[in-house]
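Okay, structure first, notes after.
Quick note: the coordinates plus some simple rules give every number you see, no bench work behind them. The model shown is predicted, which means the values in this text are computed figures rather than measured ones.
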Amino acid sequence: MTYIIILALIVIIGAIIAGIYNKLVRLRNTVKSAWSDIDVYLKKRFNLIPGLVETVKGYAKHEKEVFEKVTEARSRAMQAASPGEAAESDNMLKSTLKSLFAVAEAYPDLKANQNFLEFQKQFQEIEDSIEAARRYYNAVVRDFNILIESFPSNIIASMFNFKQEEFFQLDEPEEQRKPIRPDFTS
């Protein structure tokens, strides 16, 4: 009888450990998948930038410094390896893109150019997608990190070497946290 009770306790404890482990694995994979979604949207934006720069160059040839800053920021952002690095380089890229759109504002012909209008529309769509993907990613990271820190899952997490994930956070002042929304319709 004692052996049956001990065996039942071992089975119950094993089932609890397996359940917690599986939940940690599921959340870790969800974090990776969510980051992959952000990465896809960031790459889409990176791929739009050269065309946008060329379109603006056709109208504002003397704005060479702005074009170089955008190109440099894009290159740096493409090399980001972690969510923290990506957030930092994304902030810099957004800042340079805002200056590029500001340059474009000074050229009425450019604001009416069909290619430029299409780039503007695509940027707005991608920015909305990045914002939604970032919110989802951060929610999943929060849930994963809470599970890693909570008892008894923290014991299983440390036994199997699960580590907390980084949030994809913006370090900009509140008024700059809005996505890039170039609007030249006026």
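Against the empirical 2.2 N^0.38 Å (N residues), the chain has a Cα radius of gyration ratio of 1.46. Identify which of 83, 50, 108 has the largest mean-square fluctuation in a Gaussian network model of the chain, with springs joining Cα atoms closer than 10 Å. For the chain, modelled as a Gaussian network with Cα springs under 10 Å, the answer is 108. Measuring between alpha carbons in the structure, the pairs from 64/121; 44/94; 32/163; 57/111; 43/94; 61/94 lying more than 18 angstrom apart are 64/121; 61/94.
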